[in-house]
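Report on the following structure.
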């Protein structure tokens, strides 16, 4: 973590920056916390993927990984949706409220899957169908929000590679 790679996806050129005065070491131990999540109905479009572990690595926050236990080589980057849109106001259906046994959506943990596209480089978040869990992860499901302005590919502002162009030439 003391020397991250910076890559220009357009030119495919990169360099490794050595961060002077960084609090990290070259072989930085990661702080890993996990939460088992069982999506009884699976992910939307992939119902056979039901067992996941939410991997929370302090050094990578706010990005977390939702790692499949059914297909071990698959994981999805996820984030708290309020980091993307501070006005995010999801409303659960009555069926979803009954499933979780809550009246208020704020009693639950919410995550949205990030999608990364390389050419051109773009990161989007699926705000339309977040993953919702009880605090302990015992009850979880990916919900499809209705009557909402949210979309499956909400653009996320990322660092402009043009700012690094002079460094990468």
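Annotations for the structure displayed:
- Considering only alpha-carbon pairs that sit under 8 angstrom and 6 or more positions apart, the relative contact order computed for the stretch 42-149 is 19 percent.
- The helix-only estimate of mean residue ellipticity at 222 nm for the chain, built from DSSP H runs of length n ≥ 4 each weighted as -39500 (n - 2.57), is -1500 deg cm²/dmol after division by the residue total.
- Calculated over the stretch 30-168, the projected area of the Cα convex hull averaged across directions stands at 10.0 nm².
- Simple spin-label estimate for residue 32 and residue 15 in nanometres, 7 Å along Cα-Cβ: 3.3
- Averaging the sequence gap over all C-alpha pairs within less than 8 Å and six or more residues apart, then dividing by the number of residues, gives the stretch 1-104 a relative contact order of 14 percent.
- Difference of contour (0.36 nm per residue) and Cα-Cα distance, residue 60 to residue 104: 12.9 nm
- Cβ-derived FRET efficiency at R0 25 Å, residue 116 paired with residue 48, nearest 0.05: 0.60
- Hypothetical label at residue 91: residues of the stretch 124-152 whose amide nitrogen lies under 13 Å (7 Å Cα-Cβ projection): 145-150
- Using the Cβ-Cβ distance between residue 80 and residue 144 with R0 set to 22 Å, the FRET efficiency works out to roughly 0.70.
The numbers here are math on the coordinates, done by the rules we state, and not lab data. On a predicted model such as this, the values are computed, not experimentally measured, just so you know. Here Cβ is always computed from backbone atoms with ideal geometry, including for glycine, and neighbour counts include all displayed protein chains.
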